[in-house]
Amino acid sequence: MKILHLDSSILGDNSASRALSAETVTHLKNSHPEAEIIYHDLAAQPVPELGSGHVGARFGAEVTDEALQADLARGNAFIDELIAADVVVIGVPMYNFTVSAQLKNWIDRIVVAGKTFRYGDNGPIGLLPEGKKAILISTRGGQYSAGHAAAAMDHQEPLLSGIFGFLGLKDLTWIRAEGLSRGGDARETAMSAARAEIAALSF
Ligand SMILES: Cc1cc2nc3c(=O)[nH]c(=O)nc-3n(C[C@H](O)[C@H](O)[C@H](O)COP(=O)(O)O)c2cc1C
């Protein structure tokens, strides 16, 4: 089993998604001791935002800038890792109602026409191999799940579900800890519930 594990929280040791993503990978490793794990901390080693140089390179412009060459190679490696992974585990914190900029920059490297999707006669076709699973750890200060007043402000989980679906990765398991900023014992309650869901995962 190959596991691709990503963290994207900017809150360091106080991060809820980092704690839960690590727990998820430990849980998977317990059932699959032979698993190979590739880990990226997208906050500690940030991916630059997509710029005009990337677009030019994709359309065949010669790349002489060494930093851009290295970045393009890193982006290609991200795609290879995603294609090879059996399970993708991602810490997905909500900042300003959407995913972190750090995770968005990774997304901007892996959504590439001709590599992870292509345009067919009837619209786009995802190119990620079948059988891949993703476990997505959603952490957020407020409450956005169905029935909550702020549900329409959730541009985090639907964004990532939509993008992975677009690429052909539809086997998604969301582990959600929400209401983390509500005070009292709300954080501990939400974290415990998420931990119980992780402990019950069977892969
Ligand atoms: C810059 C910033 C923006 C945030 N924006 C939101 C938000 O829009 N909605 C929300 O419910 N919580 C928001 N929060 C709270 C985070 O979702 C919460 O702290 C969560 O634990 C983040 O995951 P992490 O601990 O893994 O970083 C924000 C936190 C930070 C630091």
For region 120-203, what is the convex hull volume of its Cα atoms per residue in Å³?
-> 99 Å³
Ranked output for segments 13-24, 124-135 by mean other Cβ atoms within 10 Å, highest leading, reads 13-24, 124-135
At q = 0.16, 0.17, 0.19, 0.21 1/Å the base-10 log of I(q)/I(0) from the Debye formula over the alpha-carbon atoms of region 1-93 is -0.75, -0.82, -0.93, -1.03
Would you work out if the chain is rounded, prolate or oblate? Take a ≥ b ≥ c from the square roots of the eigenvalues of the alpha-carbon gyration tensor; rounded if a/c is under 1.5, else prolate when a/b is larger than b/c, oblate otherwise.
-> prolate
Please build a GNM for the chain, connecting alpha carbons under 10 Å apart, and tell me which residue among R118, R58, R176 fluctuates the most.
-> R58
Taking only Cα atoms and a 10 Å spring cutoff, compute GNM fluctuations for the chain and point out the largest among G123, G162, G179.
-> G123
Calculated [θ] (222 nm, deg cm²/dmol) that DSSP helices of n ≥ 4 give over the chain, each run adding -39,500 (n - 2.57) | -12000 deg cm²/dmol
Estimated FRET transfer efficiency when R0 is 35 angstrom, pair K2-A152 (beta carbons, to 0.05) | 0.45
Nitroxide proxy distance, nm - points 7 Å out along Cα→Cβ at D121 and S192 = 5.8 nm
Within region 54-126, list the chymotrypsin sites (Phe, Trp or Tyr not before Pro) lying in a DSSP loop whose Cβ has at most 12 other Cβ atoms in a 10 Å radius.
-> F59
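Since every read-out is calculated from the coordinates, none of them should be taken as a lab result. Small disclaimer: the values here were computed from a predicted structure and weren't measured. Using ideal geometry, Cβ is built from the backbone for each residue, glycine included, and neighbour counts are taken over all protein chains shown.
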